[in-house]
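Here is the structure we will look at, set down as structure tokens.
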Amino acid sequence: MPLDEVEGNIQLQKRMSGGAPYYMLGPISTDVAPGFDHITAAIGAAQSSRFGADLICYITPAEHLALPNEEDVRQGVKAAKIAAYIGDMNKYPEKGRQRDMEMSKARRDLNWEKQFELALYPEDARAIRASRTPEDEATCTMCGDFCASRGAGKLFAGDLRGDKI
Ligand code: SF4
């Protein structure tokens, strides 16, 4: 189902059921990505949640291809949980965005432990960072010496001396 059809479908179903709790499987937002339907479904599920779905079902990478194995289920559940979180950010903006605000500050401050603490899946985040250790522990291997967060931090602290930021 294209994303622009999600809102109308949710509202129609909720109206027809008298506002009963509504369960959605995705929807899968495009059919042309077999092997990645946990992602296409999560994109649709975030929209479903945003517009009023009360329960979303996980879909695995094996959808339309094979019986899911244990790792497929793990990936599907993780993607669905992220979708529900994104939906709640929009459904409940007052309380749903605080964690993201804290994460933004932790990124600004290059506070890696705080970032892991706030992450939905800290073990996965830790594993990726640990697999590519930067020369400067404050930064990461994406930009290295050109770390914009480190440079901005020094700039705002008045500690930029024109050499390496
Ligand atoms: S190196 Fe780049 S990606 Fe990594 S923390 Fe700094 S700005 Fe962000």
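For the reader, a short list of remarks on this structure follows.
- Residue pairs meeting the criteria (Cβ under 8 Å; at least 6 apart or on separate chains; first among the polar types (S, T, N, Q), in region 45-63; second in a loop (DSSP other than H, G, I, E, B)): Gln47/Ser29; Ser48/Gly26; Ser48/Pro27; Thr60/Pro68
- Some residue of region 7-15 being out of contact with any Asp or Glu (no Cβ under 6 Å at 6 or more places or on another chain), open to solvent by 60 Å² or more (accessible area, probe 1.4 Å) and among the β-branched types (Val, Ile, Thr): no
- Criterion (among the basic types (Lys, Arg) and either within 13 Å of the ligand (Cβ to nearest atom) or on the phi > 0 side of the Ramachandran plot (or both)) met by exactly one of Lys95, Lys154: Lys154
- Residue check for Glu117: free of Cβ contacts under 8 Å to residues at least 12 places away in the same chain, loosely packed, with under 12 Cβ neighbours inside 10 Å and in contact with a helix residue (DSSP H, G or I) (Cβ under 9 Å, 6 or more places away or on another chain): no
- In region 68-90, the residues that are without any contact (Cβ under 8 Å) to a residue 12 or more places away in the chain and either touching an Asp or Glu at 6+ places or on another chain (Cβ under 9 Å) or within 17 Å of Leu25 (Cα to Cα) (or both): Pro68, Arg74, Met89
- Scanning region 28-61 for residues that are of a type in the set (A, V, I, L, M, F, W, C) and outside any helix (DSSP H, G or I) yields a count of 10.
- Near pairs, Cβ below 7 angstrom, 6+ apart or cross-chain, from region 132-148 (near the ligand (Cβ under 6 Å from one of its atoms)) to any residue that is of a type outside the set (A, V, I, L, M) and assigned to a helix (DSSP H, G or I): Thr139/Arg150; Cys140/Arg129
The values are calculated or read from the model by the stated rules, or taken from the named source; none is laboratory data. No experiment lies behind these values; they were computed from the predicted model shown. Glycine also receives a Cβ, built like all others from the backbone with ideal geometry; neighbour counts cover every protein chain displayed. Surface accessibility is based on the protein's heavy atoms, side chains included, excluding ligands, DNA and RNA. Shrake-Rupley method; radii C 1.70, N 1.55, O 1.52, S 1.80 Å.
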